[in-house]
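All remarks here apply to the structure that follows.
Read the figures in this text as sums done on the coordinates, not as results from a lab. Worth saying up front: this structure is predicted, and the values here are computed from it rather than measured. All Cβ positions, glycine included, derive from the backbone under ideal geometry; neighbour counts span all protein chains shown.
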Amino acid sequence: MSWTKVLIVDDEVEFAAALSERLLLRDYDTKAVYNVDDAIAAIKQDPPEVLLLDLKMPGMSGIELYRTIKEFNPSIEVIFVTGHACQDGDETIPREAFDCVMKPIDIDELTKKIDKAKQSIIKK
Amino acid sequence: MNRKGDPALTPFMQSILRPFTNIANAITKDRYKSLKLRLFFYIGTLAALPLIGIAMMSYFWVFNILKDEFRAHLRWQIEDSQRSIESFLQEKLSGLRFLANAYSLNELSDDAILHTVFAKFRKEFGEIVDLGLINSEGIQVSYAGPYHLKGREYSNQDWFQEVIIRGVYISDVFTGYRKMPHFAIAVRKEIPGKHAFWVLRATVDVEALNRFLSSIQLKEYDDAFIINKDGILQTSSRFHGKMLERAALKFPVPAQDLSLIDYKQEGGGRLEVGFARIKQSPWVLGMVVQSTASSRMIELFTKDVGTLYLIIILVIIGSIANSIITSSVVNRVQEAEQRREAAIAETEHTSKLASIGRLAAGIAHEINNPLAVINEKAGLMKDILQLIGDFPNKEKFLSIVFSITDSVDRCRTITQRLLGFARRMDVSVEIIDMNETIKEVIGFLDKEILYRNVRLDMNLSENLPKIESDRGLLQQVFLNIANNAIDALKDGGTLAIATGKKDEDTLQVIIGDNGHGIPKEVLKHIFEPFFTTKEKGKGTGLGLSISYGIMQKLGGTILVESEVDKGSTFTVEVPVKASIDLRGL
């Protein structure tokens, strides 16, 4: 199985960088970007298989970014990363989003979810 | 991993929350009592004022009418007596004049004829003591009567001078030679053709005057008398002196024909005094009446006991009605205020939970972000340490990193519970069987019940209607309460769970234990977030608070009864059809 291509989008630079490095150590082809514009550029240039998306970011909310991405690349599976509860009120995770993890992240839980997302892509 | 909960957070949050409790019981019973008294007094005064006003006005009306009537009566009485006495005197004088005209001087100078005339005169007019004829020189020529007065000389006496001048005369009362009270009347007769005259004189017994006075109807303290111009009493008086003594009057005798005086006594009482002059005599008829209009008023009231009773009964009835009205009004106010207070307390509680929820969510979110950074950095460190080969103190570094990640895990537990508390619970309503729901909850607790040797007493009512509600949320509530109940039990205690119908729209789930019970001062706070009595690390103080919020959301409620050392009973009321309260927490 080839390495899964993962893109982390989070304005919390330290968090995104460290998480990216940890996933790299676990054999995921990971890249981290820290704002919405970079995220869109990165996806257009080299679309990932799995996207880890922060729910709250300056400029555009995770939900809006999710909709934008799904428009031009519906095959990307998105796992939301949130400091709130996963069912949090105003910013309900869209039903069609693949999954959701809560900060602070349990790395084993996250890798399982990424693998699951990869499996579902393969099935399709 | 060792999860110890949030020991530092709980007392801190409690200290923030404590001042907001117990606002409701501020109003005391005394306030309502004084309100009742004031209201009673105001209503009483308002009702009594116009009544008193009307009573006073009518009193003065009646008083004035009585006074006028009284004076009119007095005037009428005194005038009547005055006329009687005057006509009596006139009668006597006319009799004398008739004698003087009917008989000649010579005839009357004869004692025998005079005696005959006197006898007839006395028979006709009565009360005549004697009759005498006096010539121009003032010598008594002839006399008929019980005394021996013939030959007596009157020429230098005042009355003789006056009868010469005025032709007619009535004397003051005197005892004279005869030592018995009487008065004299005299007429002068001219001898035609000569400058000479004679005088016919009769004396009259005072009894005649007394008879007139006694014919005036007098009350106990009233008085009627005749007095002369010098203030000497001509008849005896009840209160103002004896006959022929100076009258002990405190008021002057007026000179008018008729006068009525309203006289104020020193003692405070009032006298009605009337005087009337008697024509052709030196006399004034006096009447002193003590029973004036005001004393008559008092008589009117005190005599009529029935009226007095009626007034007293009316006042009592009025007071009773007043107190009934007052207390019913105040009771209603009290009820309304208590309802309002209860509603305010309820709202306060709910809004407190809501704001605590928002605060908790905010804190949790803010902490989660740096916590995530710590977690990833420590995780990365761990990853790297595990990848590279041995170096000095590697194990030490690894254990340090592990304790960092453990602490982060503990923090995560807290923040996730906080977020769970604050979370807007998504209610998914389905048709559920209450008994099945309970049984599932018991399933979660099986191990605990077995391990703690707790006796489970299930009493599930058959034929409960299916309800529309959120199974997961309800189970969360039952699990919370049942967990608390098991915690409260000693090993071998009893956990009782019963279901039943409260009414057509509400089911009841009763979860009871015979554990240590909840003290009163704790009972007030059990639904507050972060309130816990469990030892540090064992409870977050959020379970009951969340449960309360859930039941609020589902349109139900939680009721508690507890007695120390006897146990606690939680009653969860679940509406058959959940009315979802969308305000949420």
Handout entry: Calculated from backbone phi, Karplus (6.51, -1.76, 1.60) coupling profile of the stretch B:323-328 in Hz, x at Gly/Pro
Key = 5, 5, 4, 4, 5, 5
Exercise for the section: Tell me what chain A gives for mean residue ellipticity at 222 nm when only DSSP H runs of n ≥ 4 count, each as -39,500 (n - 2.57), the sum divided by the residue total, rounded to 500 deg cm²/dmol. Expected result: -13000 deg cm²/dmol
Completion exercise
Taking chymotrypsin sites (Phe, Trp or Tyr not before Pro) in a DSSP loop with at most 15 other Cβ atoms within 10 angstrom as exposed, one finds the longest site-free stretch of chain B at B:240-585
Handout entry: Net charge of Cβ neighbours under 13 Å - reference B:Phe88; Lys, Arg +1; Asp, Glu -1
Key = -2
Practice task
Compute the length gained on full extension between B:Leu51 and B:Glu335: take 0.36 nm times their separation in residues and subtract their Cα-Cα distance, giving the result in nm to one decimal.
Solution key: 98.9 nm
Practice task
For the stretch B:425-585, evaluate the Debye formula with one uniform point scatterer on each Cα (no solvent term) and list log10 I(q)/I(0) at q = 0.12, 0.16 Å⁻¹, rounded to two decimals.
Solution key: -0.50, -0.91
Exercise for the section: Round to the nearest 10 and give me the degree value, 0 to 90, for the angle of helix B:434-451's Cα axis relative to the longest principal axis of chain B. Expected result: 70
Handout entry: Peptide-level mean, for B:364-374, of C-beta atoms on other protein chains within 10 Å
Key = 6
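How large is the dipole of the protein assembly as shown about the Cα centre if only Lys and Arg carry +1 and Asp and Glu carry -1, each at its Cβ, rounded to the nearest 20 debye?
Numbers: 87 positive and 94 negative charges, 570 e Å.
Rounded to the nearest 20 debye, it is 2740 debye.
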Fill in the blank from the handout: Counting sequence-distant residues (5 or more places) and residues on other chains, those with an amide H built under 5 Å from that of B:Val129 are B:Thr203, B:Val204, B:Asp205
Practice task
Starting from 0 in steps of 20 Å, tell me what percent of the Cα-Cα pairs of the protein assembly as shown lands in each bin.
Solution key: 12, 23, 15, 8, 8, 10, 12, 8, 4, 0
Exercise for the section: State the answer as a single residue: which of B:Thr45, B:Ala112, B:Tyr59 lies farthest towards the positive end of the charge dipole of the stretch B:45-155, with beta carbon charges of +1 for Lys and Arg and -1 for Asp and Glu, about the Cα centre. Expected result: B:Thr45
Problem - Over the stretch A:5-123: Kirkwood hydrodynamic radius from C-alpha pairwise inverse distances, Å - result: 14.1
Exercise for the section: Label the stretch B:41-298 by shape, choosing from rounded, prolate and oblate, from the square roots a ≥ b ≥ c of the eigenvalues of the Cα gyration tensor; if a/c is under 1.5 it is rounded, and otherwise prolate applies when a/b is larger than b/c, oblate when it is not. Expected result: prolate
Exercise for the section: Of the options A:Val36, B:Ser94, A:Phe15, report the single residue whose Cα projects farthest towards the positive end of the charge dipole of the protein assembly as shown (beta-carbon charges: Lys, Arg +1; Asp, Glu -1). Expected result: B:Ser94
Fill in the blank from the handout: chain B, Kirkwood Rh and Cα Rg, ratio Rg/Rh at 1.64
Practice task
Calculate for chain B the 222 nm mean residue ellipticity that helices alone would give, adding -39,500 (n - 2.57) per DSSP H run of length 4 or more and normalising by residue count, nearest 500 deg cm²/dmol.
Solution key: -17500 deg cm²/dmol
Problem - Beta bridges by DSSP in the protein assembly as shown, antiparallel share as percent, to the nearest 5 - result: 75
Practice task
Place +1 on the Cβ of every Lys and Arg and -1 on the Cβ of every Asp and Glu in chain B, take the dipole about the Cα centre, and give the residue among B:Phe531, B:Ser547, B:Ala276 whose Cα lies farthest towards its positive end.
Solution key: B:Ala276
Exercise for the section: Return the lysines within reach of B:Lys120: Cα separation strictly under 16 angstrom, same-chain partners fewer than 8 residues apart disregarded; answer none if there are no such residues. Expected result: B:Lys92
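Run the dipole for chain B about the Cα centre, Lys and Arg Cβ at +1, Asp and Glu Cβ at -1, nothing else charged, and hand back the magnitude in debye, nearest 20. Each step should come with its number before you reach the end.
Numbers: 71 positive and 70 negative charges, 216 e Å.
Charge dipole of chain B: 1040 debye, to the nearest 20.
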Exercise for the section: May I have the extent of the alpha carbons of the stretch B:304-423 along their three principal axes, as whole Å values ordered from largest to smallest? Expected result: 125, 22, 14
Practice task
Assuming 1.002 mPa s and 20 °C, estimate D for the stretch B:352-467 with Stokes-Einstein, Rh taken as the Kirkwood radius over Cα pairs, in µm²/s.
Solution key: 113
Handout entry: From the C-alpha gyration tensor of the stretch B:175-246, square roots of 5λ in Å
Key = 34, 13, 11
Problem - Pairs of Lys in the stretch B:425-585 closer than 17 Å at Cα, counting only those 8 or more apart or on different chains - result: 15
Handout entry: Net charge, A:Gly59 excluded, C-beta distance under 10 Å - Lys, Arg +1, Asp, Glu -1
Key = -3
Practice task
Give, as a single signed number, the net charge of other residues whose beta carbon lies under 13 Å from the beta carbon of B:Arg339, with Lys and Arg counted +1 and Asp and Glu -1.
Solution key: -2
